[in-house]
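The values are calculated or read from the model by the stated rules, or taken from the named source; none is laboratory data. Since the structure is predicted, the reported quantities are computational estimates derived from the model, not experimental observations. Ideal geometry is used to build each Cβ from the backbone, glycine not excepted, and the neighbour counts take in all protein chains shown. Heavy atoms of the whole protein, side chains included, go into the accessibility calculation; ligands, DNA and RNA do not. Shrake-Rupley method; radii C 1.70, N 1.55, O 1.52, S 1.80 Å.
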Amino acid sequence: MKRIGVLTSGGDAPGMNAAIRAVVRTALYHGLEVYGIRRGYAGLLAGEIEPMSSPSVGGIINRGGTILRTARSEEFRTETGLHQAAQRLTQHGIDALVVIGGDGSMRGAVALRQYADLRVMGIPATIDNDIPGTDYSIGFDTAVNTALDAIDKIRDTAYSHERVFIVEVMGRHNGFIALEVGLAGGAEAILIPEVPYDLSDLLRRLDESYRRGKHSSIIVVAEGAVRATDVQKFLETHTPYHIRALVLGHMQRGGSPTAFDRVLATQLGVLAVERLLQGKTDEMVGIEGGKLITVPIEYVQMATKTVDARKLDIATMMAI
Ligand code: F6P
């Protein structure tokens, strides 16, 4: 193995740059060449492939987003696309590929292996934290802290104006962000797609809390569970409270990564290259119980990651 390619794919996540930096510098440290592939699999198809050096990843550990840029590519998923992607890698003499991204990006790497003679390593990076095989994916901790910062600010207005705020957070089909942010932000209720909820029950709990003397509330909803505006409409029809709905949106994906995400990204980037040097392939690096681990990359499409429902019970208990 002489030349490694590295790309970021899917939604950007804070800490992706730290992972790129770690991959590039570990590879260079071990005497390998590294090529950066721009715009994910779409850029691979287009041949947007350039050599990377140590200075090319200087001053990026603290930057959100990804210097390689990222994309979601429909074309790559086709047989023609996969064939062309494999050809591009051969043309550039790339014999190992590090894919930094979410579950879709890992699936892309698995598919590419059917067409290309190369080693592949995945690094989990998505704010959604929904990738099986790792307790944390790069970007989750930062996104949670960004959303938490927003909720702390919203609480000031909720308190001052005696309002109910429904805050919608990202997470696609999962409630990992909502659960973490809701618990950390002292939300009066958290709605996530994994656990059935009932808006009438929410209404009852809200009424009870107001009878106990509360004058304001924060309700965190995962985008995959229900829209904040729908909850607002329901509550407005059934209560006299002043309700506001807020969608935090893409602000959760940006910003400087937390120390946790930078350290995780650096450790995973180093491990990914080291595993390739050991002759390993078709793995995803990750962290489990505080220890760095690897899992077969196919595991991502075979398993489902579950939320810790106990956290929801705790949040409910704390909202009394
Ligand atoms: O996967 C990350 C994520 O931010 C999800 O939480 C969200 O549902 C989705 O990407 C939004 O995608 P886009 O940036 O394409 O609108």
Relative to the present Cα-Cα distance, how much length would full extension add between H173 and S54 at 0.36 nm per residue of separation?
39.1 nm
Taking N as the number of residues in the chain, what is its Cα Rg relative to 2.2 N^0.38 Å?
1.10
Taking the simple approach of a point 7 Å from Cα along Cα-to-Cβ for both E288 and M318, what is their distance in nm?
2.8 nm
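Within the set of other residues whose C-beta is less than 9 Å from the C-beta of T134, count the net charge using Lys and Arg as +1 and Asp and Glu as -1.
Working: positive: K305; negative: D135, E288.
Cβ neighbours under 9 Å give a net charge of -1.
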Which residues' amide hydrogens lie under 5 Å from the amide hydrogen of I138, considering only partners 5 or more residues apart or on another chain, with H built in the peptide plane?
A125, T126
5 Å is the cut-off here: which amide hydrogens, built 1.01 Å from N in the peptide plane, fall below it relative to A245, excluding neighbours closer than 5 in sequence?
I166
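I want to verify the translational diffusion coefficient of the range 20-87 in µm²/s; compute it with Stokes-Einstein, Rh as the Kirkwood radius over Cα pairs, at 4 °C and 1.567 mPa s.
Stokes-Einstein gives a translational diffusion coefficient of 100 µm²/s.
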Share of the range 209-320's accessible area from carbon and sulfur, percent, 1.4 Å?
55 percent
Could you work out the relative contact order of the chain, using alpha carbon pairs under 8 angstrom and six or more residues apart, expressed as a whole percent?
23 percent
Carbon/sulfur fraction of accessible area - the range 106-168, other protein chains in place, 1.4 Å, %
40 percent
Grab the other residues whose beta carbon is less than 11 angstrom from that of V57, score K and R as +1, D and E as -1, and report the net.
+3
Partner lysines whose C-alpha sits under 30 Å from that of K233, ignoring same-chain residues fewer than 8 away, are K153, K214, K311
Averaging sequence separations of C-alpha pairs under 8 Å and six or more residues apart, then dividing by the length of the range 142-253, give the relative contact order as a whole percent.
41 percent
In nm, to one decimal, how far is the V247 label point from the E75 one, both placed 7 Å along Cα→Cβ?
2.9 nm
For the charge dipole of the chain, defined by +1 on Lys and Arg C-beta atoms and -1 on Asp and Glu C-beta atoms about the Cα centroid, which residue among V226, P124, A245 has the Cα displaced farthest towards the positive pole?
P124
Quick check on the range 219-320: take the gyration tensor over C-alpha atoms, sort the square-rooted eigenvalues as a ≥ b ≥ c, and tell me if it's rounded (a/c under 1.5), prolate or oblate.
prolate
How big is the charge dipole of the chain about its Cα centre, in debye rounded to the nearest 20, if each Lys and Arg gets +1 on its Cβ and each Asp and Glu gets -1 on its Cβ?
560 debye
How many percent of all Cα-Cα pairs in the range 142-253 sit more than 21 Å apart?
27 percent
Mean-position separation - Cα centroids, the range 1-62 and the range 163-214, in angstrom:
39 Å
Would you mind getting me the FRET efficiency between H161 and D308? Use the beta-carbon distance for r and R0 = 41 Å, nearest 0.05.
0.80
Applying the Karplus parametrisation 6.51 cos²θ - 1.76 cosθ + 1.60 with θ = phi - 60° to the phi angles of the range 125-136, what ³J(HN,Hα) value in whole Hz is obtained for each residue in order, glycine and proline being reported as x?
9, 6, 5, 5, 6, 9, 8, x, x, 8, 5, 10
Please give the length that would be gained between T229 and Q114 if that part of the chain were fully extended, namely 0.36 nm times their separation in residues minus their C-alpha to C-alpha distance (nm, one decimal).
37.0 nm
